[in-house]
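Student: Take a look at the following structure, please.
The values are calculated or read from the model by the stated rules, or taken from the named source; none is laboratory data. Quick caveat: nothing in here was measured; it's all calculated off a predicted structure. Please note: Cβ atoms are built from the backbone with ideal geometry, for glycine as well, and neighbour counts cover all protein chains shown. All accessible areas refer to the heavy atoms of the entire protein, side chains included, with ligands and DNA or RNA removed. Shrake-Rupley method; radii C 1.70, N 1.55, O 1.52, S 1.80 Å.
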Amino acid sequence: MTSYDIAVRGAGAVGRSLALALSRQGLSVALLEAAPRQPQGPDVRTYALNAQAVGLLRGLKVWDALPADAATAVSEMLVHGDAHDSQLEFSAWSQCVDALAWIVDAQALDEALATAVRFAPHVTALPADTPVQAPLSALCEGKHSAAREALGIGFHTKPYGHTAVAARLVADRPHEGVARQWFRSPDILALLPFDRPRQGCSYGLVWSMPTERAQAMQALPDAEFEAALNEACGAAAGHLALSGPRVGWPLQLSRAERVCGPGWVLVGDAAHVVHPLSGQGLNLGLGDVEALARVIAERESWRPLSDEKLLRRYARARAVPTLAMQQLTDGLLHLFEHDTPVLRELRNRGLNLVNQLTPLKRWLAGRALGT
Ligand SMILES: Cc1cc2nc3c(=O)[nH]c(=O)nc-3n(C[C@H](O)[C@H](O)[C@H](O)COP(=O)(O)OP(=O)(O)OC[C@H]3O[C@@H](n4cnc5c(N)ncnc54)[C@H](O)[C@@H]3O)c2cc1C
């Protein structure tokens, strides 16, 4: 059996980023990949990535390898409530940053990471069932991690009973870098400005709603789905048309009861899952990668990689950011869950009030930006 310093189990965006980050420290990494599921269509999602995640990917030489039209800067974000005059606005200009976020093609990011892994000097990609020996296993298998289950680690899960319908759209009006989100109980709809397939006029759609309705919406003919979508967006982004398939993701909130033990750590969705309303799941996972790589780089020379004391430093570093993001997304969901006239009025007034409170707005934007 071949020996490595670290076995990274799972080759999603988090596993590949971790393998690259560790290989840059000269550590030998076995990257254990599951066989691709058949048939598998393209990933239609676009990810909103924050400055911290982009910084990590840039350091791994992945970000600058993305095709120019695969990442779009968001200069402004508009959050709409139930009433037409309730709105919260964020801008890169008022936050004094280059961009509020970058919208990235999930498929292109996967491909750029896979290419970087192929050329990484100390990473060996192997089929998942290859027996390997390593003092540390980083489990990056996503929310259904079998290795986490085999270790007997509980994964506290609250299913939301909602499904996110994702798709690519083209508009008849330029997006001008503006992201839009509607909180209309029980739906949450996000339009993320993008440049594929049409430069300057495309969006990534993430529309979450109760699962039964999501299934019905997915089954609608394109024209009927587009009519419902345009009605929900009220022409704010121009007329929107589908440019590809719709794919649904059931949504949940999950947290592993422990993220490390002797010789193992959980990273990314294997450790925590959040609702995509704030576009933070992968940002959290890449934050895990950064923290684990740092803890390993800064370890005492005599301390073995399997030492639980070492791995607890990683667990401590990630506890607060993970909990804070889970509470923020879950709290927002609860706020928009019930649809009584009183609550609706309060929510809409709240949005307008926050919009006028510059320090609070800055703080909220800072959390999302990862600054
Ligand atoms: C609709 C939607 C929109 C989203 N939008 C955003 C966004 O805008 N911004 C953001 O930051 N996040 C977003 N997310 C969250 C983001 O998609 C996830 O947080 C992220 O993909 C998790 O990456 P991961 O590598 O941890 O897990 P995964 O992507 O699930 O990858 C896990 C990998 O492990 C492999 N695997 C599984 N089992 C095994 C095994 N036994 N052995 C070996 N390999 C195995 C799988 O094949 C897969 O390749 C969104 C999620 C959804 C559903």
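Student: Against the conditions (1) in contact with a Gly (Cβ under 9 Å, 6 or more places away or on another chain); (2) not assigned by TED's automatic domain parsing to the domain that holds GLU231, where does ARG168 fall short? Just the number, please.
Tutor: (2)
Student: Now for a different question. Go through the residues of segment 94-104 one by one and say whether even a single one is assigned to a strand (DSSP E or B), surrounded by 16 or more Cβ atoms within 10 Å (Cβ to Cβ) and among the β-branched types (Val, Ile, Thr).
Tutor: yes
Student: Go over the candidates LEU282, LEU328 one by one and state the one that is in contact (Cβ under 8 Å) with a residue 24 or more places away in the chain, touching a strand residue (DSSP E or B) at 6+ places or on another chain (Cβ under 8 Å) and part of a helix (DSSP H, G or I).
Tutor: Just one listed residue meets the conditions, LEU282.
Student: Check segment 91-102 and report whether any residue there is in contact with a His (Cβ under 8 Å, 6 or more places away or on another chain) and away from the ligand (no atom under 16 Å from the Cβ).
Tutor: Checked segment 91-102: no residue is in contact with a His (Cβ under 8 Å, 6 or more places away or on another chain) and away from the ligand (no atom under 16 Å from the Cβ).
Student: Give me the pairs: first residue in segment 135-152 and over 14 Å from GLY285 (Cα atoms) and hydrophobic (A, V, I, L, M, F, W, C), second residue near the ligand (Cβ under 9 Å from one of its atoms) and at pLDDT below 95, beta-carbon distance under 7 Å, and six or more apart or on different chains, which are they?
Tutor: Close Cβ pairs satisfying both conditions: none exist.
Student: Of the residues in segment 237-268, how many are assigned to a strand (DSSP E or B), surrounded by 15 or more Cβ atoms within 10 Å (Cβ to Cβ) and either free of Cβ contacts under 8 Å to residues at least 12 places away in the same chain or under 21 Å from the mean Cα position of the chain (by Cα) (or both)?
Tutor: The total comes to 11.
Student: Here is a check on your reading of the model: is ALA236 of a type in the set (A, V, I, L, M) and over 30 Å from ILE153 (Cβ atoms)?
Tutor: Against the criterion (of a type in the set (A, V, I, L, M) and over 30 Å from ILE153 (Cβ atoms)), ALA236 qualifies.
Student: Condition test on THR124, is it polar (S, T, N, Q), over 21 Å from ALA53 (Cα atoms) and modelled with pLDDT of 95 or more?
Tutor: So THR124 passes the test.
Student: Of all residues in segment 7-28, how many are within 28 Å of ARG45 (Cβ to Cβ) and away from the ligand (no atom under 14 Å from the Cβ)?
Tutor: Total satisfying the criteria: 3.
Student: Just to be sure, is ASP110 open to solvent by 40 Å² or more (accessible area, probe 1.4 Å), within 11 Å of the ligand (Cβ to nearest atom) and modelled with pLDDT of 95 or more?
Tutor: yes
Rundown of residues vs (1) closer than 30 Å to GLN218 by Cβ; (2) among the acidic types (Asp, Glu), yes/no style:
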{"position": "HIS80", "(1), (2)": "yes, no"}
{"position": "ILE103", "(1), (2)": "yes, no"}
{"position": "GLN107", "(1), (2)": "yes, no"}
{"position": "ALA112", "(1), (2)": "yes, no"}
{"position": "ASP129", "(1), (2)": "no, yes"}
{"position": "SER137", "(1), (2)": "no, no"}
{"position": "ALA146", "(1), (2)": "yes, no"}
{"position": "GLU149", "(1), (2)": "yes, yes"}
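Student: Next question. Any residue in segment 31-45 that's assigned by TED's automatic domain parsing to the domain that holds GLY142 and more than 7 Å from the ligand (Cβ to nearest atom): show its pairings with residues that are assigned to a loop (DSSP other than H, G, I, E, B) and modelled with pLDDT of 75 or more at Cβ separation under 8 Å, as long as the two are six or more apart or on different chains.
Tutor: LEU31/ALA11; ALA35/ALA128; GLY41/PRO245; PRO42/GLY244; VAL44/GLY244; VAL44/PRO245; VAL44/ARG246
Student: Just to verify a result, which residue in segment 293-313, among those that are open to solvent by 40 Å² or more (accessible area, probe 1.4 Å) and hydrophobic (A, V, I, L, M, F, W, C), is nearest to VAL29 (Cα to Cα)?
Tutor: ALA297
Student: Can you tell me which residues in segment 256-276 are within 13 Å of the ligand (Cβ to nearest atom) and out of contact with any Leu (no Cβ under 8 Å at 6 or more places or on another chain)?
Tutor: Once the filter is applied, which keeps residues that are within 13 Å of the ligand (Cβ to nearest atom) and out of contact with any Leu (no Cβ under 8 Å at 6 or more places or on another chain), segment 256-276 yields ASP269, ALA271.
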